[in-house]
């Protein structure tokens, strides 16, 4: 090979090497700029924006402008609304009912000495009255221990009665408009203990001269809810029991499997009997005991206790009613406090 040929080959090699090195250098420079995080933001540019070419960056990211306050508030509001939809709604009604069920009624005890005053009830102007617990929309239940200067009668009021519900039972009213059923218990004694239920409690005499009474009363107050407290005025109907077709019955607590227990105070338009049903029982279990059945299929043991037209008593059984052997309807006002709920 001649010297001239060798020089020519060497020159060509140098030229080829330079041609290849140029593009490689440019690529390396571009990569270097990307890694340095240049913040150029030209749209469509081949310059570098952070870790990408500016042409690769979406317009929203390249703007770099802070969000407006209105936009931030709107986004937060939308986010809160979504969370509210996902969160389970509270059943406030159920919470209130549960809270009411868990409230414990704390008995109150009041003692004192009262001198009676003229009874303000219409038709009782010549009588004397000592109010122990004043009229209330709540129902009182409790025990009264008393000792008076003369024989007294015990009074419980029920109501006020709805219009048209005064149908022959004893009534107490001060104005002829607001009327209460009147339970009037005459024990013909000046001292004793009385268990009561009603919307007012008092001690009474039919004399015109004042009397003095020392008393201690322990009681609870209950709102009428149809479950624990049941009160009202009702008119009897024909007794549906087989063999009782000529009798009258005022059903106060309907038959159920779970036994009731509680206290009843009542005021009827005539003398009544207190009926308690126990059961149902099998027909073969009757074995001579009194029973009551409406269809000759379902049987109940029957407790029938004669009493006066007004009174107060504790009870326990699967149904409660007042009864007469007469065929004419009677009316009764009553208050019941159950020691176990109806449902």
Selection count where residues are surrounded by 10 or more Cβ atoms within 10 Å (Cβ to Cβ), without any contact (Cβ under 8 Å) to a residue 40 or more places away in the chain and at negative phi, scope the range 277-299 = 10
Hey, any hits in the range 143-160 for a residue that's within 38 Å of the chain's Cα centre (by Cα), farther than 21 Å from residue 313 by Cα and surrounded by fewer than 20 Cβ atoms within 10 Å (Cβ to Cβ)?
-> yes
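If the requirement is being touching a residue at least 60 places away in the same chain (Cβ under 8 Å) and crowded, with 20+ Cβ neighbours inside 10 Å, which of these qualifies: 324, 234?
After applying the criteria, what remains is 324.
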Can you name the residue in the range 161-175 that is surrounded by fewer than 16 Cβ atoms within 10 Å (Cβ to Cβ) and at pLDDT below 90 and, of all such residues, is nearest to residue 268 (Cα to Cα)?
-> 168
Residues of the range 130-142 being part of a strand (DSSP E or B) and surrounded by fewer than 20 Cβ atoms within 10 Å (Cβ to Cβ), in sequence order, are 131
Here, strands (runs of 3 or more DSSP E) confined to the range 145-210 with at least 2 residues that are farther than 17 Å from residue 135 by Cα are 179-198
Could you list all residues from the range 202-217 that are closer than 24 Å to residue 106 by Cα and surrounded by 18 or more Cβ atoms within 10 Å (Cβ to Cβ)?
-> 202, 215, 217
Say whether the condition of being over 28 Å from the mean Cα position of the chain (by Cα), at pLDDT 95 or above, assigned to a loop (DSSP other than H, G, I, E, B) and surrounded by fewer than 20 Cβ atoms within 10 Å (Cβ to Cβ) is met by at least one residue in the range 247-257.
-> yes
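The values are calculated or read from the model by the stated rules, or taken from the named source; none is laboratory data. Please read all numbers here as calculations on a predicted model, not as lab measurements. Note that we place each Cβ from the backbone using ideal geometry, even for glycine, and neighbour counts take in every protein chain shown.
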